[in-house]
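Participant: Got a structure for you, questions after.
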Amino acid sequence: MSEVIKIKKGVDIKLQGEAEKIFATADTPSTYALKPSDFPGIRMKLKVKEGDEVLAGDPIFFDKGRPAITFGSPVSGEIAEVVRGEKRRILEVRVLADKEIRYRDFGSADPASLKRDEVKGKILDAGMWPLVKQRPYNIVANPDRVPRDIWVSCFDSAPLAPDADFVVHGQEAEFKTGIKALMQLTDGKVHLGLDGRTNPSEAFKVEEAVMHRFTGPHPAGNPGVQMHAVAPVNKGETVWTVGLQDVIMIGRLFMSGQFQAQRSVALAGAQVSKPRYYKALIGANVKSILEGNVAAENNRYISGNILTGTQIPSEGYLSYYDNQITVMPEGGEDQFFGWMAPNFNKFSISRALFNWMMPNKRLNLDANLNGEERAFVVTGEYEKVFPFDIYPVQLLKSIMVKDIEAMENLGIYEVAEEDMALCEVVCTSKIPVQETLREGLDIMLDELGD
Amino acid sequence: MKLFKNILDSVKPHFEEGGKFEKLHPVYDGFATFLFTPGHTSHSGAHVRDAIDLKRTMITVVMAMVPALLFGMWNAGNLHYTALGLAETMTFGDKFLWGAMRIVPMLIVSYGVGLGVEFIFCIIKKHSIQEGYLVSGMLIPLIMPIDIPLWMVAVSVIFAVVIGKEVFGGTGMNILNPALTARAFAFFAYPTYMSGDKVWINTSADAGQSVVDGFSGATVLGSYATGGDVQYSVWDMFMGFIPGSIGETSTVAILIGAAILLYTGIASWRIMLSGVIGALAMGYLFNAFAPHAISPEQQSFMSLPGWQHLIMGGFAFGIVFMATDPVSAAQTNRGKWIYGFLVGFFAIMIRVFNPAYPEGIMMAILFMNVMAPLIDHYVIQANINKRKKRLATVKAA
């Protein structure tokens, strides 16, 4: 077995409401939606109009800059509504699903017997290419490139994240087929990042893929952290990343010839009365899952985890890449002398508050900022939770002044928003770290192209 | 609590746009957020945030200075009555009260004037009131001599806040430590009140009292610099029963503060540790070269055991509370090692070699404040070069 790589920096935020490893059932949602906001750096162009009929896998929109990339419908049915915002920007395309999903047939095949272009063509045709992302920029991969490597992180270390072994159980064949397909796409290797604390599940033992084992606190499960520890992304290089369940979906495409957009989604968080796992499709309406299962009023519903997820309404839609729904209290109450109170029930990595007395207590955190935004004052706190050989504050400052050369020099190609999410959490000055980094990535993308 | 909330809510409309005191909104905001941490929730990025904020950070530093402040009050009274030969007859309470009567007004002037200037700038620049001055306001009286007139404190504070901080853009933007800027200003503007052997102990005598024969008000550093006799033992220096700036004398009280700062992680242990190492390095280097000193005074100072420098003068106070100011110190972890080491190193060098400025730590920190961005620049450049080298090896392969 390969050596275990220890990630030293980071922190696990211990929360209440971990999902029990049981699949619960909920009524099948009637509507599904794709949200262009899930895909930064892409100019969306609609392929359908309201009232059109689509099959699962039929394109709903495509990237204007790279027309080969289409976004397939996760279900069959009728385009119910195109929700637009300011300047007619598309916010959501909603599909009213058929009772029984009808699939477009893309033909099954053994990926090992296909050529690179055939594998790529099949994924593109099925509208599943957006499942493949790339570093730098953390955007949908450019299919015209051949990546140096492809990285699949086989565990998620984020708070309340779904358990990888549980999720992959029973889908071993799909996972292996997916990895085989990815192997055709690179001249380098497909790397699997495994949880070093447990013995890896049989599913992850794929010949020819390179296995790496990691231990340590979050963000040890982020592909960016893992590849930085093994082989960082240099200027001019491209590494693709694919999520664990997204590999399974790609595997299913080659086994069945269909875009079966099913995921195992963990419903978690302190506000959930019975946190469990659910089977859901990409873009599913979350109403039926949440109904009758949420404890209190004034909640925040998040598609994804508390670090990187998107806030959605209680009748909103699961975001494209998310395997998790978190429900947490919204908060929003003023706190009398909050800066002096001991704040036992809050999270902090600083011992200036007194929660260091109870390091293992599981918390029920709300969304309060716990302070006001300030200039950078305290130094050295990002470095405690940022396991990269990169100076995070200096990188953010270079983004704030839009200095492209400095951003490049300071290593912007190696990071994604999720890698810096903990910096944002621990920031005394409440700097919007992820938003700033995204802005920087977008500037680089505009200037240099993918 | 409900009462405060109601008062705040009732006056709030006057400070909003279009209200009577619209321009004073930053002042209102300052008071409101002081009483209540606002319930703002996150709108982008991570949904949970650390419970720490800048107010908490600053108040922790202020708390860490309290032991030094309280000791300073007692010590000022003790030295005063010692000079008058009354140390035995006066009680602990008398001494403390005497010191408090002089130091509390300095605190009030420092905070009142400093925050006043901050408020004015916030109103002009329309940004919210920042917390940086909470610490500076406490530091400034602690690094002044007991006999300094209050108006000098006020002038120094105005200089420090305006020139030291606000012209750069406020908290987080300054290059020099504001409190040291105030001290440096007072030091050069009013040298007779800031140095020598008359200012550290108050010898004003009431009717029927007189200064005892043979009394000297010289500080330990002053005595060494002029080749005079040092009247205090190492134990006195460690405990702090010596003349000096109000907060700097007691190494014990400062160590309590250091423990708070290090345990909470608010101040950088790298800077403190490397500062002590730097001071010891210079001190023992002097010991090695002491026989070659050019004058007998210098020789006696150079042959002083290296470790004794740590408990003399303002070194301990400076390295714990002022060198660790995150804004004006080096910001990278590696840079902090270099910065701290050089602060300690230069502090002892200036102290020994330049009798005009026996208090070297002030100069050393201010000098290194200016150099800190340069240190960081080279540390970061090394990181950039590493990345470029990695790219070059990949390309070559």
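The values are calculated or read from the model by the stated rules, or taken from the named source; none is laboratory data. None of these values were measured; they are calculated from a predicted model. Counting neighbours? That spans all protein chains shown, and the Cβs are built from the backbone with ideal geometry, glycine included.
Participant: Picking from B:310, B:273, which residue would you name as being within 18 Å of the chain's Cα centre (by Cα), in a helix (DSSP H, G or I), at pLDDT 90 or above and over 30 Å from residue A:426 (Cα atoms)?
Facilitator: Every option except B:310 fails the conditions.
Participant: Also, I was wondering about something else. Quick one: count up the residues across the range B:164-198 that are of a type in the set (A, V, I, L, M, F, W, C), assigned to a loop (DSSP other than H, G, I, E, B) and more than 19 Å from the chain's Cα centre (by Cα).
Facilitator: Matching residues across the range B:164-198 total 0.
Participant: Scanning for something of a type in the set (Val, Ile, Thr), under 30 Å from residue B:126 (Cα atoms), at the interface with chain B (Cβ under 7 Å from one of its Cβ atoms) and surrounded by 16 or more Cβ atoms within 10 Å (Cβ to Cβ), does the range A:403-426 turn up at least one residue?
Facilitator: yes
Participant: Please report, ordered by residue number, the strands (runs of 3 or more DSSP E) entirely within the range A:118-206 with at least 2 residues that are in contact with a Lys or Arg (Cβ under 9 Å, 6 or more places away or on another chain) and under 14 Å from residue A:224 (Cα atoms).
Facilitator: Qualifying strands (runs of 3 or more DSSP E): A:149-153, A:190-195.
Participant: Sticking with this one: Restricting attention to the range A:310-332, does a residue exist that is surrounded by fewer than 16 Cβ atoms within 10 Å (Cβ to Cβ), within 22 Å of residue A:428 (Cβ to Cβ) and at pLDDT below 95?
Facilitator: Looking through the range A:310-332, at least one residue is surrounded by fewer than 16 Cβ atoms within 10 Å (Cβ to Cβ), within 22 Å of residue A:428 (Cβ to Cβ) and at pLDDT below 95.
Participant: Suppose we keep only residues that are more than 25 Å from residue B:324 (Cβ to Cβ) and modelled with pLDDT under 95 within the range B:153-194. Which one would you say is farthest from the other protein chains (Cβ to nearest Cβ)?
Facilitator: B:192
Listed here are the residues, each with its yes/no results for (1) outside any loop (DSSP other than H, G, I, E, B); (2) closer than 20 Å to residue A:371 by Cβ; (3) assigned by TED's automatic domain parsing to the domain that holds residue A:376.
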site	(1), (2), (3)
A:390	no, no, yes
A:395	yes, no, yes
A:408	yes, no, yes
A:420	yes, yes, yes
A:428	no, yes, yes
A:441	yes, no, yes
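Participant: Anything in the range B:268-324 that is touching a residue at least 12 places away in the same chain (Cβ under 8 Å) and of a type in the set (Val, Ile, Thr)? List them, or say none.
Facilitator: B:271, B:276, B:277, B:311, B:319, B:320, B:324
Participant: List the pairs whose first member sits in the range B:28-39 and is facing chain A (nearest Cβ under 7 Å) and over 18 Å from residue B:13 (Cβ atoms), whose second member is among the basic types (Lys, Arg) and assigned to a helix (DSSP H, G or I), and whose Cβ atoms are under 8 Å apart, counting only residues at least 6 apart or on separate chains?
Facilitator: Qualifying pairs under 8 Å: B:37/B:55.
Conditions (1) closer than 30 Å to residue A:388 by Cβ; (2) within 14 Å of another protein chain (Cβ to nearest Cβ); (3) in a helix (DSSP H, G or I), marked per residue:
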| position | (1), (2), (3) |
| --- | --- |
| B:277 | yes, no, yes |
| B:283 | no, no, yes |
| B:288 | no, no, yes |
| B:301 | no, no, yes |
| B:317 | no, no, yes |
| B:331 | yes, yes, no |
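Participant: Separate question: Which condition from (1) surrounded by fewer than 18 Cβ atoms within 10 Å (Cβ to Cβ); (2) closer than 30 Å to residue A:417 by Cα is the one that residue B:18 breaks?
Facilitator: Result: residue B:18 fails condition (2) only.
Participant: Quick check on the range B:227-235. Is at least one of its residues touching a helix residue (DSSP H, G or I) at 6+ places or on another chain (Cβ under 8 Å) and within 29 Å of residue B:132 (Cα to Cα)?
Facilitator: The answer is no, given that none of the residues of the range B:227-235 is touching a helix residue (DSSP H, G or I) at 6+ places or on another chain (Cβ under 8 Å) and within 29 Å of residue B:132 (Cα to Cα).
Participant: Quick one: how many residues across the range A:282-308 are among the hydrophobic types (A, V, I, L, M, F, W, C) and surrounded by fewer than 21 Cβ atoms within 10 Å (Cβ to Cβ)?
Facilitator: Within the range A:282-308, residues that are among the hydrophobic types (A, V, I, L, M, F, W, C) and surrounded by fewer than 21 Cβ atoms within 10 Å (Cβ to Cβ) number 4.
Participant: Still on this model: When residues of the range B:55-96 are filtered for being at the interface with chain A (Cβ under 7 Å from one of its Cβ atoms), of a type in the set (A, V, I, L, M, F, W, C) and without any contact (Cβ under 8 Å) to a residue 60 or more places away in the chain, how many remain?
Facilitator: 0
Participant: Separate question: Filter the range A:375-384 for residues that are within 10 Å of another protein chain (Cβ to nearest Cβ) and touching a residue at least 12 places away in the same chain (Cβ under 8 Å) and give the result.
Facilitator: Selection gives A:375, A:376, A:377, A:378, A:379, A:381, A:383, A:384.
Participant: Being of a type in the set (A, V, I, L, M, F, W, C), in contact with a helix residue (DSSP H, G or I) (Cβ under 7 Å, 6 or more places away or on another chain) and part of a loop (DSSP other than H, G, I, E, B): is that true of residue B:140 here?
Facilitator: Here the answer is no, as residue B:140 does not meet what is asked.
Participant: Still on this structure: Do the conditions hold for residue B:366, that is, is it hydrophobic (A, V, I, L, M, F, W, C) and in a loop (DSSP other than H, G, I, E, B)?
Facilitator: It is false that residue B:366 is hydrophobic (A, V, I, L, M, F, W, C) and in a loop (DSSP other than H, G, I, E, B).
Participant: With respect to residue A:397, determine if the residue is within 11 Å of chain B (Cβ to nearest Cβ) and out of contact with any helix residue (DSSP H, G or I) (no Cβ under 8 Å at 6 or more places or on another chain).
Facilitator: Yes; evaluated as a whole, the condition is true for this residue.
Participant: Look through B:353, B:346 and report the one residue that is in the same structural domain as residue B:71 (by TED's automatic domain parsing), surrounded by fewer than 24 Cβ atoms within 10 Å (Cβ to Cβ) and under 19 Å from residue B:376 (Cα atoms).
Facilitator: Result of the check over B:353, B:346: B:346.
Participant: Name the residue that is nearest to residue A:42 (Cα to Cα), counting only residues in the range A:99-134 that are surrounded by 21 or more Cβ atoms within 10 Å (Cβ to Cβ) and of a type in the set (Phe, Trp, Tyr).
Facilitator: Going through the qualifying residues, I end up with A:129.
Participant: Further question on the same structure: Would you mention how many residues in the range A:306-317 are more than 12 Å from every other protein chain (Cβ to nearest Cβ) and of a type in the set (Gly, Ala, Ser)?
Facilitator: Number satisfying all stated conditions: 2.
Participant: Which of the residues spanning the range A:241-280 are surrounded by fewer than 24 Cβ atoms within 10 Å (Cβ to Cβ), more than 16 Å from the chain's Cα centre (by Cα) and assigned to a loop (DSSP other than H, G, I, E, B)?
Facilitator: A:257, A:258, A:260, A:270, A:273, A:274, A:275, A:276
Participant: Being within 12 Å of chain A (Cβ to nearest Cβ), among the β-branched types (Val, Ile, Thr), in contact (Cβ under 8 Å) with a residue 40 or more places away in the chain and closer than 16 Å to residue A:351 by Cβ is the requirement here; does residue B:52 meet it?
Facilitator: Spelling it out, it is not the case that residue B:52 is within 12 Å of chain A (Cβ to nearest Cβ), among the β-branched types (Val, Ile, Thr), in contact (Cβ under 8 Å) with a residue 40 or more places away in the chain and closer than 16 Å to residue A:351 by Cβ.
Participant: Just for strands (runs of 3 or more DSSP E) wholly inside the range A:1-99: which have at least 2 residues that are among the β-branched types (Val, Ile, Thr)?
Facilitator: A:4-6, A:77-84, A:90-97
Participant: If the Cβ limit is 6 Å and pairs must be 6+ apart or interchain, which residue in the range A:345-369 that is at the interface with chain B (Cβ under 7 Å from one of its Cβ atoms) pairs with which residue that is surrounded by 20 or more Cβ atoms within 10 Å (Cβ to Cβ) and among the basic types (Lys, Arg)?
Facilitator: A:352/B:56; A:367/A:300; A:369/A:430; A:369/B:49
Participant: Please give the number of the condition residue A:303 fails out of (1) closer than 26 Å to residue A:155 by Cβ; (2) away from chain B (no Cβ under 14 Å).
Facilitator: (2)
Participant: Tell me the residue from A:294, A:242 that is over 30 Å from residue A:122 (Cα atoms) and of a type in the set (Val, Ile, Thr), please.
Facilitator: The unique qualifying residue is A:294.
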